[in-house]
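Quick note: the coordinates plus some simple rules give every number you see, no bench work behind them. Bear in mind that the values here come from a model prediction, so they are computed numbers and not experimental data. Note that each Cβ is placed from the backbone with ideal geometry, even for glycine, and that neighbours are counted across all protein chains shown.
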Amino acid sequence: MALVLFRQLYYTGVQSAGIVMLLAALAGAGFVLTLQASLPVGVSTVLELLATLMAKVLGVVFTLLVIAARSVSAISTELAMVQVTGERSTLARLGVDTRLYLVLPRVVAPALSGAVLYLYFVFTALLVGALVSNQTFDVWQVMQIFRSLDPLQILLGMSRTAVFAALAVVFVLRFAIRKARRFPDIPLAASNGVFQTIVVMLLLELAYQILLAAANPMGPLPA
Amino acid sequence: MPRFAGGWTPAQVAERARLVLPLPGHGMAFERQLDHLCAAWNAQPFRTAYLDASAPFLENVSILENIWVPLAWRRSIGWAEVVRRAGRYRDLFGWSERDLRHLLASRPGDLPPAVLACAVLLRAVLMEPEWLLIEPGWFARPLLGPEHIVALLERALGCSRWLLLWPQGQEPLPPEVGWHTIQLEADA
């Protein structure tokens, strides 16, 4: 099982890192440039907004979307194939616990990778946003932006990404892949899997934000 | 231990070590029967190997990993140990060291059916089973020819108790084996 987990971590975590950082760079740069062009605010305000938005919402949402698009589609296809061809039955008949061997690594890996990818996303978006905003490329000045990050928010973002990714994959395994019985069901299982993952992930994030707003109806206190 | 109908004791069953268990149903119903039976056998303390014919291997990993996974699961045998033990059985299949290394490194889709059948057999041999469950496809749609399969099975796994899971009413039984038909109790 450890071997499968490491392999899944590689596919989900390592191979997705580049895509996440590219998206983060585009999101960070786009956000800063749009805000600077449309609002009469200073660089420090723009960067604080960027840090808050990335850490609280966009980091989680973008990372989950990358996991859904890249990893869940692969996991859905692979497991639907294993089910349709009868390979799952064979493993079970050989005495292998298919939940532990096939399913668990594919739930744990997106969760662990998600937490790390979220970090990559937030830090890359802030770094690129800072570089684009002040355009001085003064490293020390750029690094100041990371001070505006709240460690609790980062921890919450990592936890949310991990939990939501795991729950969404479990949902897909439970409802999309089990229905696959014939070869034509495989692409359907994959596309349904991705769609269901995105919906579940966004619903979970929405529920979290609603709960957060309900717990703190007045919003954050002014500094 | 699954209970045998007709008052057979495990010792008597062991004497009649070439057993046929007729299973009712066909298609999906038959497959479910196989699932239940294998689950019951795997829950026992004795070692069981299974000869699957329809989808014997995971397609996206090597034969070595396919052989290693059930061995690691059931017998905690490491990867290197599997390779070492597989070397002992080269002569059985008439392979050279190079053939064996090529087989273990290959993906199932890259190998012809006859070689895959030998790989399934190798996996069963490495389990060192006390019971060998045999899917009907091994004889109904022979990959190597029934006589060749029986000879190979006798050489590789002659000391195990064979339990051929055969669709009820399907004749004839595989040749050149003194099969004894048995029944299981309903709750076995």
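Quick notes
- Just one of the listed residues (B:Ala114, B:Ala124) is surrounded by 20 or more Cβ atoms within 10 Å (Cβ to Cβ) and either more than 14 Å from chain A (Cβ to nearest Cβ) or touching a helix residue (DSSP H, G or I) at 6+ places or on another chain (Cβ under 9 Å) (or both), and it is B:Ala124.
- Odd one out for A:Val96 among (1) aliphatic (A, V, I, L, M); (2) outside any helix (DSSP H, G or I); (3) within 23 Å of A:Pro151 (Cβ to Cβ): (3)
- Members of the range B:45-71 found to be more than 9 Å from chain A (Cβ to nearest Cβ) and small (Gly, Ala, Ser), listed by number: B:Ala53, B:Ser62
- Of the residues making up the range A:66-106, those that are within 7 Å of chain B (Cβ to nearest Cβ) and among the polar types (S, T, N, Q) number 3.
- Considering (1) more than 23 Å from B:Phe139 (Cα to Cα); (2) buried (at least 19 other Cβ atoms within 10 Å of the Cβ), the lone condition that B:Phe46 does not fulfil carries the number (2).
- Selection from the range B:72-96 of residues that are under 16 Å from A:Ala92 (Cβ atoms) and either away from chain A (no Cβ under 14 Å) or of a type in the set (Gly, Ala, Ser) (or both): B:Ala72
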